[in-house]
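For reference, the structure discussed in these notes is given below.
Just so it is clear, none of the values below were taken in a lab; they were calculated from the coordinates. Since the structure is predicted, the reported quantities are computational estimates derived from the model, not experimental observations. Here Cβ is always computed from backbone atoms with ideal geometry, including for glycine, and neighbour counts include all displayed protein chains.
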Amino acid sequence: GDIMKKFLLVLISVILTLLLFSEVIVVKRNHAVLRSGPGSFYPIISELEPNAELQVLKHEEGWIEVEYMGKRGFVSEKISKEKKKSSETEKKMAEEKTGIKIARMGMTAGVKGFAKKLSRKLNSDPQFVDFLADYSFEPTKFRKFKKETYKKFNYKKARKLNPLPNFSEFDNYSFSEQEFGLAIAAKIASLGISQDYDKTEYLNLFGNLIVAASDVYDKNFKFFILDIPNPNAYACPGGIIFITNGLLSMMENEAQLACVLGHEISHVARKHGLKEAEKRFNQILAESAFLELDEELEEIGETQTEEETEIEDELEDLLLETYEQIAAGRLGAYENEADKLGLLYALRAGFDPNEMLNLLKKLQSSEINSNNEHYSKEQIISREKAIRSELQKLRFPKKMLINRERFLSLGR
């Protein structure tokens, strides 16, 4: 009997393995990448062509380990789902075989060059473009940080209790998002970026826990600290997020940090205030010869045609408009949606979203005013009310993470 049981078990596992290896997924997105691990911060191994067939090895929290042309790596589950129909302009952009084509995914010279060009339009130091684009941390550090965070907490339960809302999302990468976002981020960085490497790394490790609990878990986010006393946070297109030392110094624990970062990640996830700008940006580029970016980037300034000058002016206006919107605080409706989603992201990552109310109280009584109207005294009162009613709708696991000690030793 025992031998028979063993034989059956072996047989079942062989069949399961065969079934698993026979699973194939097809790339349905214009932009898809193979990463070296299950997270958006892992290095990119290669780009994947639309309609490429990938051999499935295993599924892991939104990621699939696959084999493709002899390479093993991880792809987001989303790449095999059709995205909502894109406009004619976007289709045209996707089909253009331009200099940027090769720069699509990684931060190669084309992307950086164009971002630097745009950043000069905002009078910021183009050196910041390199600094922001090249920042990374060791994935092994993240794995250790995650393990330590969830040592006594089952975050999967929090996610099961609070599923993400249905959202017909945008393709994860848009042509303009990286360049545009980098240029705006370079301008914000010039307000005074913190040189505290350890604290910046902690913020990135922690921020990526929240990203992993969001619906943009497969988008690469980077987090930076500004040496400014005013409490504030900024989210740039493409996933670069800033938080001021002023805001960090008012926080008392990681749960508060989770809510604030969740709020900023939501702005990027829902492209708040950027959908229109992006549409316009893509139109400007599609209608012009400006797409021939790669080698000509640096030469553009030398002999410009009237059309090129006009395009540059249009881009400049658009860039300034977007920057001002990010710097001053977005429309009320966007801020409300980001508050709601931010609480959900924090909770799904295991952190107690009730702590957001404590942070708002502290901001309310603070002497230092924010330069963002969203953190103004009047706004805080109405935010508090909306957040209270939102908290009623969430489903809490028995105990939540607050993590005061780690925050006070690393984040303040």
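At a 10 Å Cβ-Cβ cut-off, how would you order 345, 334, 202, fewest neighbours first? Before the final figure, lay out the partial values.
Working: 345 32, 334 19, 202 22.
Fewest-to-most ranking of 345, 334, 202: 334, 202, 345.
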Practice prompt. Could you line up 263, 31 from fewest to most neighbouring Cβ atoms inside 10 Å?
Written response: 31, 263
Worksheet item: Once you put a point 7 Å from the Cα of residue 9 and another 7 Å from the Cα of residue 396, both along the Cβ direction, what distance in nm separates them?
Response: 4.3 nm
Fill in: Backbone HN-Hα couplings from phi across the range 264-271 [Karplus 6.51/-1.76/1.60, Hz, Gly and Pro as x]
5, 4, 4, 4, 6, 4, 9, 6
Worksheet, complete the sentence: Amide H proximity to residue 226 below 5 Å, modelled H, separation 5+ or other chain, gives 194, 243, 244, 245
Worksheet entry | Dipole magnitude (debye, nearest 20) for the chain, charges at Cβ of Lys, Arg, Asp, Glu | 3340 debye
Worksheet item: Hey, rough spin-label estimate for residue 81 and residue 357, points 7 angstrom out along Cα→Cβ, what's it come to in nanometres?
Response: 3.3 nm
Worksheet entry | Amide proton proximity set for residue 45, modelled H, under 5 Å, gap of 5+ | 34, 35, 36
Discussion item. Using Cβ counts within 10 Å as a stand-in for footprinting exposure, how do 356, 4 rank, fewest first?
Written reply: 4, 356
Response to the item:
Residues whose built amide H sits under 5 Å from the amide H of residue 240, excluding neighbours closer than 5 in sequence, are 222
Worksheet item: What order do you get for 357-369, 55-67 when each peptide is scored by the mean count of other beta carbon atoms within 10 Å, highest first?
Response: 55-67, 357-369
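Given a cut-off of under 8 Å on Cα pairs at least six residues apart, what relative contact order in percent is computed for the chain?
17 percent
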Discussion item. Greater than 20 Å separation of Cα atoms is the criterion. Which listed pairs, 28/146; 147/399; 121/271; 146/399, meet it?
Written reply: 28/146; 121/271
Worksheet item: What FRET efficiency do you get for residue 279 and residue 36 if R0 is 41 Å and r is their Cβ-Cβ distance, rounded to the nearest 0.05?
Response: 0.75
Worksheet item: Taking square-rooted eigenvalues a ≥ b ≥ c of the alpha carbon gyration tensor, is the chain rounded, prolate or oblate, where a/c under 1.5 means rounded and, failing that, a/b exceeding b/c means prolate?
Response: oblate
Worksheet item: How far apart, in nm, are the 7 Å Cα→Cβ label points at residue 53 and residue 16?
Response: 2.6 nm
Practice prompt. Find the centroid of the Cα atoms in the range 110-142 and in the range 337-412, then give the distance between the two in whole Å.
Written response: 30 Å
Fill in: Sorted peptide list for 306-314, 401-409, 217-225, criterion being average Cβ within 10 angstrom, highest first
217-225, 401-409, 306-314
Response to the item:
Between the alpha carbon centres of the range 213-248 and the range 43-72 the gap in Å comes to 29 Å
Worksheet, complete the sentence: The local net charge around residue 194, scoring Lys/Arg +1 and Asp/Glu -1 for residues other than residue 194 whose Cβ lies under 15 Å from its Cβ, equals -1
Worksheet item: Which value, in debye to the nearest 20, describes the size of the charge dipole of the range 2-80 about its Cα centre when Lys and Arg Cβ atoms bear +1, Asp and Glu Cβ atoms bear -1, and nothing else is charged?
Response: 80 debye
